[in-house]
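FYI, it's all coordinate maths here, none of it is from the lab. Predicted, not measured: the structure shown is a model, and the values here were computed from it. With ideal geometry, Cβ positions are generated from the backbone for all residues, glycine too; neighbour counts draw on all protein chains shown.
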Amino acid sequence: MSAQSRRNFLKLSGGAFALGSFAGAPAFAQSPPVKIGVLAARSGVLASIGECALATVQWWADGVNKAGGILGRKVELVVEEEGNPKETAERSRKLALRDNVEMVTGLISTGSGLSVGPIAEELKTIWMSWDATTQKDVEETLPNPKYSFRSTDNEVEGLMASLLTVKHFKGKIKTVANLGTDYSYGRNMWETFMAMMKKYDMGVTPVADLWVKVGTTDLTTFVASLQQAKPDLIMSSLLFTDAFIFVKQAHAAGLTGASKLVMPAGGFQLNEMKKQYTPEGMILGHNSMYFEAPNASPLLKEFVAYYKGKTGLFPHFEADRAYSAVASWKAGVEKAAQQTSGKWPSKDEIIKAIEGISVESLGGTFSYRPDHIPDCNFYMGFTTHNNPYDIVTISPVETLNTRDYQKPAGADFFKWIQAKQFPNLS
Amino acid sequence: MTTSTAPIAARTASAGTLKRALALPALLFLVIFLFPFIAGPHYVILMFSAMGYAIALLGLNLLFGYTGLLSLGHAMFLAIGAYTAGYMTSTRITNFELILLVAVAIGATVAVPIGLLCIRYVKIYFAMLTLAFSMLLYSFLFKFYHLTGGDEGIRIKAPTLTAWDLSGLDTLSVLTGPLYYYVFALLVLLTALMRCLTGSSLGLQLRAIRENQQKAEYLGVNVKRYRLVAFVIAAVYGVLGGVIIAIPVGLADPTIAYWVQSGNLIFMLLLGGYTNFLGPLLGAVVFIFFQDQLMSFTEYWRLTFGVILVMIVIFFPNGLMAALDRRRWWST
Amino acid sequence: MLASANILVGGVFHAAVLFLVAAGLQIVFGVQKIVNLACGSFYALGAYFGISALAWAAAFEVPAIAYIPILVGSGLLLAIVLGPSVERLLRLIYDRDEHFQILLTFALVLIFEDAIRLIWGAVPLQTINVYFAFGELRIARDLAIPNYNLIVIGAAALISAAFGWMLRRTRFGRIVRATAENKQMSEALCVDVSKVYMAVFTLGVALGTVGGALVVPAGAASIDMGVELIVDAFAVVIIGGLGSMPGALIGALIVGFVRSAAIWLYPEFELLAIYVIVITVLIVRPQGLLARTA
Amino acid sequence: MTLLQAQNVRKLYGGFCALDDVTLTINDGEHVSIIGPNGAGKTTLVNVLTGLVRPTAGNVTFKGYNVVNLGAVRLARLGMARSFQLVNIFPELSVGETIAVAAISHLRHGERFFSSTARNRPVWEIVERVGAIFGFSGKLDQPAKILSQGDKKLLDVASAFALSPEIILLDEPTSGVSTADKSTIMRVLVQAARQMGIKAIIQIEHDMDIVFGYSNRIIAVHNGRILADGSPASIRARADVMATIVGRQYDHA
């Protein structure tokens, strides 16, 4: 019944503009360009994060095109917006059906991830996600995804932050408080933190459980409530504008003097964590990319220089998420092409090739497990002021790999933590 | 509504004029009916959700166009429809008719108390009270995540039809095939029903209430009751539209009920032409397809929509239908 | 106990911010019977413009005491540019049903959200170091209230007092109140109502822009701050009573305190609490706590 | 048979006493004219009698029901209609539709949501009949807003008549119309009343030719009190009443 009629009555030509730049690209063989769909947030709270990731994908595409494209085909980006789940579902279908892209990459918010995942499976379009993963997302909605490749479990950051807390503050803290970002990610982090406190019988009692609506710009009342509770340590999963506004207003009220701070995903706002109000000795997580990683790869150095030059800012870890997604796909295509003697491989062949592949991403080696969940480095450490910038950096930098800190395929997270013997940190 | 146009044509229109009067709706429905044969699957699914919006807007225009009540919270009924579909399909009840019936029941039971409160007010107060109610629902859906899934919302699996066995088909062919025509039939049915309602004494009395509430009361029109009837009918249409819109998305989440979405619903109504019975249908289709093209064309599509809305409000308050329906066969 | 004083100040600070935006909404509704959905957008524009103004001023090593005047000045300048032009747009549809005026302001919300991203970009912006430039009031060892918060509260109080004085004492205030009561009558008494409307609307916009500029040093400017704030401003105006300035003050204090109390006592209820109050007020006393009859 | 009864009705607006201890009954077949200088309380009296305004004291009953508790809608259903001093019509609705609204209420077709009004013969019969009486036959499809001021006022009255009420209260139905047309309007009203089976008409009127020409009972109101209440002849005989109300001796030819 669903006619695939070629004669498109509405002739609504796809207005999508091609983005690959041509500066000095070698002449491409007559084979058609390979179209990649990019779903990047452009408005609201996720706008600045989406733009950083999009700039990274564009930088990657230029590099690939300069080096001859993928199997001789030029990369062409078709950019659409990640809005609310309804808009994002429509854009993902448009990319798959209207622009018939080879692959769709993108998505940060959990809601849009939950709607695009099933669509990718339904339309048999490979989706290389940046973020957009939650516990629920993994369990019921996509038990064994074929076309979707998702990002690391949320809890990894919470796990690592908890281990650092145990290592450095065992016996030194009695009371803890939660200042969570009010959506699924925030809940996962707090549940993980408390489970780890129990596992290592830290003997801490939670004295406050506060939730900040994403994008709040006035946190004075949250700061005041925390001062009322007087916690020894505050675990905060804030990661948007509210993250650095909290630190700024907490500093102004003297809160950061009294309580220790743990911000597992605060690295998202590294450009705004100014020395002026960000205390030293705060546990700050940079997820899968830290712009000053100890043994930074030339790739990372080149990208950081490019990004700082272009925007005047340091890139945050969404850049690595975006880069690793598209780089893994390219590697998968090229690996599959070896079996098909250079011919462009089918989607199934590409998927099989990506499973188990590992690539050199901005944050170090990045590889996909057979269950389509990646393994990569995570960077976390205590903030310090001694650096040439006006923002805080972390040192020493703990580099932890998800192989030790991410639950295996299909395991129940909380049972796994109880049983697992985590390697003791350096 | 000082800019509305003259009333419905003379009572006994001659055969000729009737034929011409039916040309416009017939063309609109023909295009929607033939769409799966003439357009690619992406556009067919867009039309699928456009039909959902058309149904919701038909109900909303009973409030705005006929009764003169601007609801800035109608998106809450879209959310009720979506979440009903979500709860039911996640407990493995995927029969489409059953989902629609339960959604209508819940929509009506929610609409009566809210309606009783809201219809006591008019103009700005009605707009702000409906907005407050929709934001109350939004915060509830967002905050009580144990019940509603919070920002993750609830998954909606593809529904099944009693008459058609859809098990063989994948979701895409369901959405562009049997389910499309099922929703099309529903749209035709609900349009006819609304046409009948607005042509009945209800329609006339609602317009009387809109024009002059005190005079209507003194002519024996029970203003409170008919406003409540209009509110509940609008809510039911909104809930049905909500179920249909949410199915291609596959997720019911709080952003459906956000106040900006209610603003967009009114935008669609103005675009189509609220002073015309067919305005909601045309507004939904034109808005959805224009937005699809605009979003691919520029990242500043909200700015463009804002400018267009300013132009409509100032220069074309009666929207597109005013231009198409010269003879005002279908004016409210 | 001292910390709960801090919660109190937090509540008052939040109330001050809400009052500035709600007052702008109130004066425009009081006189022109228009509910300006875009009041939050003017607030956001004021914040961004304030940041640019301070960045520009920093190039001249301006002393700290000049920061506040620069912020307020930038807010007023923006209002003088935006206010009249938007009012001239609204003037085209004054004769039409008030639904159309609300929908025009809704269009402005869409326009301004993208305009901000076009001009200032998507990355959240902060002012130069203003927040800490005024020291802090130390209550206890690690308990302090930044003076800047007190300055904002003071500024809001000053603005509301000046506003009240202007409305009651000055000739312009009397004309504004007369036009609010009865437009035809004041027109008959040869008041140039179109000038009054322009002035009043610009005043409403100024309250938003100055509010945004004053508050942004304490936090940061982000794209969606305008859309979020509109709903809170609505709550304040409904609770206080449409068209009544003292109502806006009372409403802002209620919303400010309820929010800070809910954050501390029962976080789930924070967002819900405000709307429950709004709906109860609208049912029990539709004209709001302080307005004259609806 | 008494239709409408007011018992010791008082109405205070702050300190000002608009109605002071008014008691009166309206019976079958009466065409009452309420006369009195401006500010005497005529409109307040009609507003109280029709439940638009709640009396400060006393009550008004229509067919045994207290008028204020009934509300306009049930009053209209029970058979009381009124027109307004300031023109009260539906601008966007056509003349025919305005009358149809009243016809629908009278025929109790208000709840017929599934039958088309356009094909509802009984409704349109009333519309055509009332339209003919009031001279709107040719204009039934014109939107009310484009009618002349006089026609608008007439439409307001016509729609009240279309309710086929038992009692109808008219607030200066002939005001704003040239003296020549006043009598034509009155003839139309009387003819309509007879045809629509209206039992009593109460009319606020200033034009003494109309008052003495058409009404069979006159109530003179002054400073919120009933000065006199009786047949036209008895009122004309009362020199004191005529002096205060009309300000000179009126000898109707």
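Annotations
- Mean sequence separation of contacting Cα pairs (under 8 Å, at least six apart), scaled by the length of chain B, corresponds to a relative contact order of 35 percent.
- Mean separation of Cα contacts under 8 Å, 6 or more apart, over the residue count of segment D:15-136: relative contact order %: 15 percent
- An oblate overall shape is assigned to segment A:277-426, the ratio a/c of its alpha-carbon gyration tensor axes (a ≥ b ≥ c) being 1.5 or greater and a/b not exceeding b/c.
- Over 32 Å apart at the Cα level, from the set A:Lys86/A:Lys274; A:Lys199/A:Lys230; A:Lys301/A:Lys343; A:Lys248/A:Lys415, are A:Lys86/A:Lys274; A:Lys301/A:Lys343; A:Lys248/A:Lys415.
- A DSSP coil position with no more than 14 other Cβ atoms inside 10 Å describes the following trypsin sites (Lys or Arg not before Pro) in segment D:79-182: D:Arg108, D:Arg119.
- Segment B:39-256 - charge dipole about Cα centre, Lys and Arg +1 at Cβ, Asp and Glu -1, debye rounded to 20: 760 debye
- Cα radius of gyration and Dmax for segment A:127-271 (Å): 15.9, 51
- Projecting label points 7 angstrom from Cα along Cα→Cβ for A:Lys66 and D:Cys17 puts them 9.9 nm apart.
- The mean count of C-beta atoms from other chains within 10 Å of the C-beta of residues in B:205-213, rounded to a whole number, is 5.
- Estimated FRET transfer efficiency when R0 is 41 angstrom, pair D:Phe114-C:Asp95 (beta carbons, to 0.05): 0.60
- Within a Gaussian network of chain A (alpha carbon springs, distance under 10 Å), most fluctuating of A:Gly312, A:Gly72, A:Gly111: A:Gly312
- In terms of its C-alpha gyration tensor, the protein assembly as shown has a prolate overall shape, because the principal axis ratio a/c (a ≥ b ≥ c, square roots of the eigenvalues) is not below 1.5 and a/b outweighs b/c.
- Kirkwood hydrodynamic radius computed over chain D comes to 18.8 Å, based on all pairs of distinct alpha carbons.
- Within the listed set B:Asp292, B:Asp165, B:Asp151, the Gaussian network model of chain B (springs between alpha-carbon atoms below 10 Å) gives the highest mean-square fluctuation for B:Asp165.
- In this simple spin-label approximation, C:Asn129 and B:Leu294 carry label points 7 Å from Cα along the Cα→Cβ vector, and these lie 4.5 nm apart.
- Spacing of the two label points (7 Å from each Cα toward its C-beta) at C:Asp192 and B:Phe144, in nm: 5.7 nm
- The alpha carbon centroids of segment B:216-235 and segment C:86-124 are separated by 33 Å.
- On the principal axes of its alpha carbon atoms, segment C:2-222 extends 63, 39, 33 Å, with the longest extent given first.
- The H on the amide N of A:Ile234, modeled in the peptide plane, is under 5 Å from the matching H of A:Ala177, A:Lys260, A:Leu261, A:Val262, each at least 5 residues off or on a different chain.
- Binning the alpha carbon pair distances of chain B at 20 angstrom intervals from zero yields the distribution 32, 60, 9, 0, expressed in whole percent.
- The string of couplings for segment A:211-221 from the Karplus curve (6.51, -1.76, 1.60, θ = phi - 60°) is 10, 9, 5, 3, x, 4, 10, 10, 10, 4, 5 Hz, one whole number per residue in order, with x for Gly and Pro.
- Shielding by other protein chains, D:65-74, mean Cβ within 10 Å: 3
- Couplings 3J(HN,Hα) of segment B:199-212, computed from phi: x, 8, 4, 4, x, 4, 5, 5, 5, 5, 4, 4, 6, 6 Hz, in residue order, whole Hz [Karplus 6.51 cos²θ - 1.76 cosθ + 1.60, θ = phi - 60°; x for Gly and Pro].
- Proxy reagent accessibility, fewest Cβ within 10 Å first, across D:Glu30, A:Glu76: D:Glu30, A:Glu76
- Annotation note: trypsin sites (Lys or Arg not before Pro) in segment A:302-406 located in DSSP loop regions with a Cβ neighbour count of at most 13 within 10 Å are A:Lys343.
- Projecting the Cα atoms of C:Trp56, C:Asn147, C:Val216 onto the charge dipole of chain C (Cβ charges, centred on the Cα centre) puts C:Asn147 farthest toward the positive pole.
- Evaluating 6.51 cos²θ - 1.76 cosθ + 1.60 at θ = phi - 60° for every residue in segment C:19-32, the Karplus couplings come out as 4, 4, 6, 5, 4, x, 4, 5, 5, 5, 5, x, 8, 9 Hz, glycine and proline recorded as x.
- Segment B:19-100: trypsin sites (Lys or Arg not before Pro) falling in loop per DSSP and having at most 11 other Cβ within 10 Å: B:Arg92
- Rounded, prolate or oblate (a/c below 1.5 giving rounded, otherwise prolate when a/b exceeds b/c) for segment D:66-173 by Cα gyration tensor: oblate
- Per residue, the average separation of C-alpha pairs within less than 8 Å and at least 6 apart gives chain A a relative contact order of 13 percent.
- Comparing B:Ala192, B:Ala54, B:Ala257 in a Gaussian network model of chain B (Cα springs below 10 Å), the most mobile by mean-square fluctuation is B:Ala192.
- Farthest toward positive dipole pole in the protein assembly as shown [+1 Lys/Arg, -1 Asp/Glu at C-beta], among D:Pro143, A:Gly267, B:Ile209: D:Pro143
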